[in-house]
Amino acid sequence: MKNLGLKAMIVTMAFVLLLAGTFGGGSTATAAEAPEINAEAAILIDANSGKILYQKDPELTLSPASMTKMMSEYLLLEAISKNEIAWDDKVSISETIHKLSQNRSLSNVPLRVDEKYTVKELYEAMAIYSANAATMALAEHLAGSETKFVEMMNAKAKEMGMTEYKFVNSSGLNNRDLVGNHPAGGPEEENMMSARSTGLLAYTLIKDYPEVLDTASIAKKTFREGTSDAINMENWNWLLPSLVYADKYKVTGIDGLKTGTTDLAGSAFTGTAKQGDLRLITVVMKTESHEARFREASKLLNFGFDNFESQAFVQKGDKVKKDSTVDVVKGKDKEVTVAAGETFSVVAEKGAESPYEIGYELDKSLLTDDGELTAPIKEGDQVGKVVLKSTGENFGYITGDKGSSVPLVATDSVEKAGWFTLSMRAIGGFFGGIWTSAADAVKGLFS
């Protein structure tokens, strides 16, 4: 059996697997025709792999308005996960935030200077009702000031791999609405992102902190229930069950995520829904009305669910019939078998015989100069990755990767050989080399 080594730092073994030939039959189908989307920019993403299924002007930079709050949510949930803050922490309200919270022409819940609010209360107001002053209060609590929080937002965007973005405040308002208290940028600036960067933000948020959907899916809740400040919060995502457009533009499984509206942004929406094993994320930017953003988002989500499905393309433990071992040095065994460490699910068009290319790549940091692994190796150790690439029309992946991947792991253990075994191998190699040289010399006499 061949091995994956032999003088390569990363050895890629590419071979085409036809869905029909390898994983069962299916009739050939033409590519599904995407709907016409009436938005300045839009994108549709598989939330599992990050594969882009549709895009329209994905790099056009526009205002995301309150879709900005997805970054504020990410930083908050990250801080919670690191135990830097807690849900029951008490948050004080500054006079500036108090005044802004009284402006009901903006999305707000009323906040008092003489009251303290839990992080959980303010987070729910932000995630359900898009409360702007509540978002700013959380930013101050987390970073010490909204200015420092905006610095964190921009740093995190860079870390995520976003390429078209600029954050000047935590809420997504136009800076003019902050009446001279904007933390960054000019007095008329807004946050800016492309559909691609917004999609990457939503993808990363859901992947790292799926619990965000527990709150984003709440249709209605009362803020400070039982107090004189009680206010009914209705989620601005009007596709959620029981809300304004739930029946007119029905999307089964809708449970998030964030709307956005300003004069510059128009009406924008990042939506997500799950049906079976498939979760999709869509972003539509700068539509002409509140209704239009839900209409266009529902078109894309339903297009995705109607025409694509999640398929287990490679099962955990699957090996390739050829080239499924790697050379090992300094081990009791001279090779180790490798296989997929996880089930490899992909999104493919329903009924189509879509060809995919599978690549097995070894981790070059683990290899010797001769492309071998060094013992000891434990069963389950990751030695590389299995990469899946589409060979058909492909918009790529929201992460910028050329393909999605799962770990390539050793299926058994190879213990380190003792000094005696290694010595005998060295002696055998030495005399084997002498014999080969002598044989070559004799052969030369008669050639």
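The values are calculated or read from the model by the stated rules, or taken from the named source; none is laboratory data. Keep in mind that this is a model prediction, so the values were computed, not measured. Virtual Cβ from ideal backbone geometry, glycine too; neighbours counted across all protein chains shown. What goes into the accessible areas is simple: the full protein's heavy atoms, side chains included, and nothing from ligands, DNA or RNA. Shrake-Rupley method; radii C 1.70, N 1.55, O 1.52, S 1.80 Å.
Taking the simple approach of a point 7 Å from Cα along Cα-to-Cβ for both residue 92 and residue 264, what is their distance in nm?
For the pair residue 92/residue 264, the computed spacing is 3.2 nm.
May I ask you to give the solvent-accessible area per residue for the stretch 198-276, in square angstrom, as obtained with a 1.4 angstrom probe?
Normalised by residue count, the accessible surface of the stretch 198-276 is 42 Å².
If I model a spin label at residue 379 and residue 329 as a point 7 Å from the Cα along the Cα→Cβ vector, what separation in nanometres do I get?
Label-label distance for residue 379 and residue 329, simple model: 2.7 nm.
Based on DSSP, what percent of beta bridges with both residues in the stretch 302-387 are antiparallel, to the nearest 5?
85
What FRET efficiency do you get for residue 159 and residue 116 if R0 is 35 Å and r is their Cβ-Cβ distance, rounded to the nearest 0.05?
0.65
Each residue of the stretch 81-91 in turn: what ³J(HN,Hα) in whole Hz from Karplus with 6.51, -1.76, 1.60 and θ = phi - 60°, glycine and Pro shown as x?
Values, residue by residue: 5, 8, 6, 7, 9, 10, 4, 9, 4, 8, 10 Hz.
Calculate, for residue 357 and residue 78, the FRET efficiency according to 1/(1 + (r/R0)^6) with r their C-beta to C-beta distance and R0 45 Å; round to the nearest 0.05.
In this case the efficiency is close to 0.80.
Roughly speaking, what is the stretch gain from residue 242 to residue 38, that is 0.36 nm per residue apart minus the C-alpha to C-alpha distance, in nm to one decimal?
70.9 nm
State, to one decimal in nm, how far the label point of residue 342 lies from the label point of residue 312, with both points 7 Å from Cα in the Cβ direction.
Here the modelled spin labels are 1.5 nm apart.
Longer than 21 Å from Cα to Cα, which of 69/286; 158/207; 220/286 are they? Say none if no pair is.
Violating the 21 Å limit, Cα to Cα: 220/286.
Using a 1.4 angstrom probe, figure out how much accessible area the stretch 31-90 has per residue, in square angstrom, rounded to the nearest whole.
39
On the protein heavy atoms, probe 1.4 angstrom, tell me the percent of accessible surface of the stretch 145-187 carried by carbon and sulfur.
52
Cut-off under 18 Å on the C-alpha distance; same-chain residues fewer than 8 positions from residue 250 excluded. Which lysines are left, in chain and number order?
Qualifying lysines at Cα under 18 Å: 258, 274, 299.
Only sites in a loop by DSSP and with at most 15 other Cβ atoms within 10 Å count here; which trypsin sites (Lys or Arg not before Pro) in the stretch 283-319 make the cut?
Listed in order of number, the matching sites are 316, 319.
For the stretch 262-305, restrict the atom set to alpha-carbon positions and state the Rg and Dmax in Å.
11.2, 38
Can you send over the solvent-accessible area of residue 128, 1.4 Å probe, protein chains only, in Å² to the nearest 10?
0
Convert each backbone phi in the stretch 372-377 into a coupling constant with the Karplus relation 6.51 cos²θ - 1.76 cosθ + 1.60 (shift: θ = phi - 60°), then list the ³J(HN,Hα) values in order as whole Hz, x for Gly and Pro.
Karplus-based 3J(HN,Hα) across the stretch 372-377 equals 10, 8, 10, 5, x, 10 Hz.
Which ³J(HN,Hα) values in Hz, rounded to whole numbers, follow from the phi angles of the stretch 214-227 under the Karplus curve 6.51 cos²θ - 1.76 cosθ + 1.60, where θ = phi - 60° and Gly and Pro get x?
4, 8, 4, 8, 6, 6, 8, 7, 9, 7, 6, 4, x, 10
Could you state the per residue volume, in Å³, of the convex hull enclosing the Cα atoms of the stretch 99-146?
In the stretch 99-146, the Cα hull volume divided by residue count equals 70 Å³.
Where Lys and Arg each count +1 and Asp and Glu each count -1, what net charge lies around residue 182 among other residues with Cβ under 15 Å from its Cβ?
That works out to -3.
Could you look at the stretch 96-144 and say what percent of its accessible area is carbon and sulfur, using a 1.4 Å probe and all protein chains?
42
Using every alpha carbon pair in the stretch 53-193, what percent of pairs falls into each 5 Å bin from 0 up to the bin containing the largest distance?
2, 10, 20, 25, 20, 13, 6, 3, 1, 0
Give a quick list of trypsin sites (Lys or Arg not before Pro) in the stretch 37-107 that DSSP marks as loop, anything other than H, G, I, E or B, with at most 12 other Cβ atoms within 10 Å.
Within the stretch 37-107, the qualifying trypsin sites (Lys or Arg not before Pro) (loop, at most 12 other Cβ atoms within 10 Å) are 82, 104.
Give the carbon-plus-sulfur fraction of the accessible surface of the stretch 238-379 in %, rounded to a whole number; probe 1.4 Å, heavy atoms of protein chains only.
Heavy-atom surface of the stretch 238-379 belonging to carbon and sulfur, 1.4 Å probe: 43 percent.
Taking the alpha-carbon distance from residue 330 and a cut-off under 27 Å, which lysines remain once sequence neighbours fewer than 8 residues away in the same chain are dropped?
2, 7, 319, 321, 322, 364, 378, 385, 416
Taking the Cα atoms of the stretch 276-358, what is the range of coordinates along each of the three principal axes, in descending order and whole Å?
69, 28, 21
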